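Where a number appears in this text, it was derived from the coordinates with a stated rule and is not lab data. Small disclaimer: the values here were computed from a predicted structure and weren't measured. FYI the Cβ positions are ideal-geometry reconstructions off the backbone, even for glycines, and counts take in every protein chain you see.
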Number of protein chains: 2
Amino acid sequence: MEATTEMMNSNLKLTNRDRAVLMKTPFLAGLSGNSLIRMFANMTVVSLSARKSVFREGENADALYCVLSGYVRLYRLNREGREADIRICGPGDTFAECLIYGGNQFRYNAQAAEAVTLARFDLQAVRELAEQEKDISKAVMTSLSRHLLSTMDCVANDRLYTAPQRVANYILARCPVDGGPASIRLPFQKSLLAGMLGLAPEALSRAFSALRKTGVTVRGRVIQVVDVQALREV
Amino acid sequence: MEATTEMMNSNLKLTNRDRAVLMKTPFLAGLSGNSLIRMFANMTVVSLSARKSVFREGENADALYCVLSGYVRLYRLNREGREADIRICGPGDTFAECLIYGGNQFRYNAQAAEAVTLARFDLQAVRELAEQEKDISKAVMTSLSRHLLSTMDCVANDRLYTAPQRVANYILARCPVDGGPASIRLPFQKSLLAGMLGLAPEALSRAFSALRKTGVTVRGRVIQVVDVQALREV
DNA sequence: CGATGTTTTGAACCCGGTCAATGATTGTGG
DNA sequence: CCACAATCATTGACCGGGTTCAAAACATCG
């Protein structure tokens, strides 16, 4: 709408790093050279600054996306305008791929949680490619399957565990070691983690302080765990 | 384990009704005659009485299922043994299809909520068919997409709405009319609906009585709505 | 008509949301 | 490089929705 000078929707060439991310996603990994070329032919690179909208619920769906860098929030609104995150997509994650065979409208809002670059694939083109090339349909199925399993995990986590337990699960899933001390660094702001776990930011804060007695210390984005095994007991 | 005399795991012929259900699922609808025959060749019919387990989390995944009649609960357990439903599958629903390209172990428990008959498809055989036949891979993608969208709906519902609102949503989604009075019949026990909405049975009961003042009356499995439009305001 | 399983209701409790105020970080322009 | 603004994170107080446990009312089925 308004003619701002800030960068957005600019079509750029892939950097080497972006290209490496792209090749490792389930969505493109394992494609033959030919399929890869055809996918790239229907791809554009999109850069968005923080808080910009990628698309909104109800809009006509013309593309699916793959995150190259940064994080994207998928969320839905209720009538009063409260937001609930459905998924947080980071580098390598694909979103809106469920629309290849699932309808023609976006079913949720997508917003850049920070500055992001995305690979944008034309939906209709991917539909046609998936019909023709077996390795592409296989990649779509793999991507959909993973995505579905993780969303089912999300439902189960919401329903089974309390806030401190969900935070502990998150930390444990990212700890490189099986026992003893560990340290991880959050790849994004805490408010984003809160939404991802289905919590208000305040609840995440309280969960962290509740975990202090289990040997979890948080300073900025760095989380240190005294004993991974002990955290597993929570 | 024990040698009971009750019917279970008996391989039966399809009834006409079961066959009709099967042909309308996204998983088989739209298949060519040839693909259909090959799918049927890898299918067996399984009957289970209420509360019997179809499979358990962690078991080696060798099949996917399509519900022909009755309802199946997909749920997960926490360490203390509390259960949380992830999905309720009714006639025409497919489950464990995410394992075609998503791993070799069941990721949740599946249990017959009542007497059920299921179509059981060998997972490895479907994998191979999906590689060969384009219409089969397309059916798999369609099924996965729908399933994913509905699971994302579930996350959003859990996070956005209160118990009475979720119940109202459930009723509204099943009301044949847009306004005025309506009446629907629950296809299963209330405790199953409770789990489906992420509630304890008591909470569902209270939600129903909270909806009385909005013109919702419940008698047994029959739910009557005075004014559908009014219910939409909740 | 008992016997078993299901639903409802009541009471107590607790988790997490909301609001408000204070601290900590980050970013920006002088 | 510092000072200020803006955003983000933490903490406290409060409240409400939902769970849990226990008991009573209802259904269902033999």
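Let's test the formula: R0 of 45 Å, r as the Cβ-Cβ distance of A:A230 and B:N104. What FRET efficiency results, to the nearest 0.05?
Efficiency, rounded to the nearest 0.05: 0.90.
Less than 25 Å apart at the alpha-carbon level, and either on another chain or at least 8 residues along: which lysines does that give for B:K138?
Partners found: A:K24, A:K134, A:K138, B:K24.
How tilted is helix B:163-174 with respect to the longest principal axis of chain B? Cα atoms for both, answer in degrees (0 to 90, nearest 10).
Rounded to the nearest ten degrees, it is 60.
Hey, got the average number of other protein chain Cβ atoms within 10 angstrom for residues in B:157-164?
That works out to 5 on average.
What does the structure give for A:132-145 when I average, per residue, the other chain Cβ atoms found within 10 Å of the residue Cβ?
Average neighbour count from other chains, rounded to a whole number: 6.
Just to be sure I understand: with springs between alpha-carbon atoms less than 10 Å apart, which residue in A:P181, A:P26, A:P164 has the highest mean-square fluctuation in the Gaussian network model of chain A?
In this elastic network of chain A, the residue with the biggest mean-square fluctuation among A:P181, A:P26, A:P164 is A:P181.
I want to check the label-to-label distance for B:I37 and A:R17. Put each point 7 Å from Cα in the C-beta direction and report it in nm to one decimal.
Distance between the two pseudo-spin positions: 5.6 nm.
What percent of all Cα-Cα pairs in the protein assembly as shown falls into each 20 Å bin, going from 0 up to the bin containing the maximum distance?
Going out from 0 Å in 20 Å bins, the protein assembly as shown shows 21, 55, 24, 0 percent.
Relative contact order for chain A: what percent, with Cα pairs under 8 Å and sequence separation of 6 or more?
19
Treating region B:16-160 as a set of equal point scatterers at the Cα positions, no solvent, please give the Debye-formula log₁₀ I(q)/I(0) at q = 0.15 Å⁻¹.
Debye curve over Cα of region B:16-160, log10 I(q)/I(0) at q = 0.15 Å⁻¹: -0.75.
Taking the Cα centre of chain A as the origin and placing charges on Cβ (Lys, Arg +1; Asp, Glu -1), which of A:V45, A:A182, A:G58 is farthest toward the positive end of the dipole?
Projecting each Cα onto the dipole axis, the largest value belongs to A:A182.
Most exposed first by the Cβ proxy, i.e. fewest other Cβ within 10 Å, how do B:F121, B:F188 rank?
Values: B:F121 24, B:F188 16.
Least to most surrounded, the residues fall as B:F188, B:F121.
Given +1 on the Cβ of Lys and Arg, -1 on the Cβ of Asp and Glu, and no further charges, what dipole in debye does region B:163-232 carry about its Cα centre, rounded to the nearest 20? Please report the intermediate quantities before stating the final value.
Details: 10 positive and 3 negative charges, 31 e Å.
Charge dipole, region B:163-232, about its Cα centre: 160 debye, nearest 20.
Once both labels are modelled 7 Å past Cα along the beta-carbon direction, what's the A:R82-B:E83 spacing in nm?
Using points 7 Å along Cα→Cβ, the separation is 2.9 nm.
Nearest 500 deg cm²/dmol is fine: what mean residue ellipticity at 222 nm does chain B get from its DSSP H runs of n ≥ 4 alone, each adding -39,500 (n - 2.57), divided by its residue count?
For chain B, the value works out to -11500 deg cm²/dmol.
Fewest to most neighbouring Cβ within 10 Å: what's the order for B:D153, B:D178?
B:D178, B:D153
Treat the count of other C-beta atoms within 10 Å as a stand-in for reagent exposure and order B:L36, B:L193 from fewest to most. It would help to have the intermediate numbers written out before the result.
Values: B:L36 16, B:L193 20.
Ordered by Cβ neighbours within 10 Å, fewest first: B:L36, B:L193.
Dimensions of region B:163-232 along principal axes (Cα, Å, largest first)?
30, 22, 19
What is the spin-label model distance, in nm, from B:S209 to A:S205 if the labels are put 7 Å beyond Cα along the C-beta direction?
Each label point lies 7 Å from its Cα, and together they span 3.8 nm.
Local charge sum around B:A119 (other residues, Cβ-Cβ under 10 Å, Lys/Arg +1, Asp/Glu -1)?
Working: positive: B:R19, B:R120; negative: B:D18.
Here the charged neighbours net out to +1.
Specify the angular offset, from 0 to 90 degrees and rounded to the nearest 10, of the alpha carbon long axis of helix B:123-132 from the longest principal axis of the alpha carbons in chain B.
In chain B, helix B:123-132 runs at an angle near 80 degrees to the longest axis.
Take the Cβ-Cβ distance between A:R127 and A:T217 as r, set R0 to 45 Å, and report the resulting FRET efficiency rounded to the nearest 0.05.
It comes to 0.35.
Can you give the angle from 0 to 90° between the axis of helix A:201-210 and the longest principal axis of chain A, with both taken from C-alpha atoms, to the nearest 10?
For A:201-210 against chain A, the angle is about 40 degrees.
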